[in-house]
Amino acid sequence: MVREEILRWLLETDSARLQELWRRADEVRRHHVGDAVHLRGLVEFSNRCVRQCGYCGMRAGNSKLPRYRMTSDEILASARLAHDLGYGTLVLQSGEDPSMDPEWLAAVVRKITTTMPLAVTLSVGEWPPEALQLWREGGADRYLLRFETADEDLLRRIHPPLPGRPWSRFEILRSLGDLGYEVGSGILIGVPGQTFGELARCIELLRELELDMIGSGPFIPHPETPLGRSPVHFSSLEGGYGAGGLSARDQVPPDDIMTYKVLALARIVRPYANIPATTALATLDRASGYEKGLQRGANVIMPNVTPVRYRSLYHVYPGKVSSAPSDDTYYADIKARIEALGRTVGVGPGSSARWSGAAASCP
Ligand code: 5AD
């Protein structure tokens, strides 16, 4: 699929024609990764962060947010919960915290992978090659680092660089595969400043980076951030995108339809990738975000296994669905929703097809 066609789909407003996109993505998903939906237990182990990202509620400048880092024993208890729930993968996610000792995290990973049959995914921000290598040697299998936007100028504005950090996010992404990681990245859909033309370029980048995992979600404004305070005009699909229609130069709206389009296009350009229906999508479309995501390209859900007392502190954006599950029906609910779609709950680590031999036929 070339950029013009990607852009046409992103600008498409006719719901009957969009059915064709959903159908195509669902078919590609079924053919390449099957009906299994893999569950990844998500541990949000620290909300400490040095970054000043304009979109994120955990930015260092948000002094209203109490900070925490879980102990190794707490993380191991969360890993045990994920394992007991039958999940094959644990995702360790945090803000970017240079005061965290890489050796400590390597030891945590080693403890998990030597005591439980869990694949471990790290999502801890931008780190030097030595740390990435140390964690890989400690047993981490996968690494997630969203590029957010393909426009490097826009990225610098919304995700300001830190002094003394020579490596760029794109360089890190390109190096992770050489270290033997399965590599994940994705897009912050509709972040202020993102145009349709740029979003089309982002989708192409998903293909160019040969990603094993693609996680993208809608931008949700957070009131304690610069981008959550400044009013940005988003055209909305409901309004038919205004009388004159839309063009490549318009701001992308961070709505659910746009998120489904990105999911579907991601599936079409990377047929074998593991693609989650993300928590941000489920937050925006509470009633059917997971279902529609799974029917429009996704094959992964990441249930939160962080101890409940920490969840509201992992405050990336407001209203997160998993912040305060009412009771322990939360985990059973997710499985029931998968089965109600006629899909199955995946067994085992659910590795990328690239590493399990199917890549030879990957287009
Ligand atoms: N809305 C939605 N997603 C956000 N993220 C950060 N801030 C927001 C927000 N306000 C996403 C980024 C980041 C991931 C961990 O969370 O894409 O990479």
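Could you rank the peptides 294-301, 218-225 by their average count of other C-beta atoms within 10 Å per residue, with the highest value first?
Numbers: 294-301: 25.2, 218-225: 20.1.
In decreasing order of mean packing, 294-301, 218-225 become 294-301, 218-225.
Rounded to the nearest 5, what % of DSSP beta bridges with both residues in the chain are antiparallel? Can you show the working numbers first?
Details: 2 of 30 bridges.
The antiparallel proportion sits near 5 percent.
Compute the convex hull volume of the Cα atoms of segment 178-229, divide it by the residue count, and report the result per residue in Å³ as a whole number. Each step should come with its number before you reach the end.
Working: hull volume 5.1 nm³, N = 52.
Per residue, the Cα convex hull of segment 178-229 comes to 97 Å³.
Using Cα centres only, tell me the gap between segment 80-117 and segment 34-75 in whole Å.
Their Cα centres are 13 Å away from one another.
What 222 nm value per residue comes from the helices of the chain, counting each DSSP H run with n ≥ 4 as -39,500 (n - 2.57) and dividing by all residues, nearest 500 deg cm²/dmol?
Helix-only estimate at 222 nm: -11000 deg cm²/dmol.
How are the Cα pair distances of segment 24-105 distributed, in percent, across 10 Å bins from 0?
Bins of 10 Å from zero give 16, 33, 27, 20, 5 percent of pairs.
In whole angstrom, how long is each semi-axis of the equivalent ellipsoid of the chain, when you take the square root of 5 times every eigenvalue of its Cα gyration tensor and sort them from largest down? Display every interim value, and only then the final one.
Working: eigenvalues 168, 116, 85 Å².
Its equivalent ellipsoid spans semi-axes of 29, 24, 21 Å.
Could you give P(r) for segment 84-200, binned at 10 Å from zero, as whole percent values over all Cα-Cα pairs?
It works out to 12, 41, 31, 13, 2, in whole percents.
Starting from the Cα of residue 261, draw a straight line to each of the lysines and keep only those under 27 Å, dropping any in the same chain fewer than 8 residues away.
Cross-link targets: 292, 320, 335.
For a quick check of understanding: with a 1.4 angstrom probe and all protein chains in place, what accessible area in square angstrom does residue 331 have, to the nearest ten?
That residue has around 30 Å² of solvent-accessible surface.
The values are calculated or read from the model by the stated rules, or taken from the named source; none is laboratory data. In this text the structure is predicted, and so the values were computed from the model without any measurement. Note: ideal-geometry Cβ built from the backbone for every residue, glycine included; neighbour counts use all protein chains shown. To get the accessible areas, we keep the full protein, side chains included, count just its heavy atoms, and leave off ligands, DNA and RNA. Shrake-Rupley method; radii C 1.70, N 1.55, O 1.52, S 1.80 Å.
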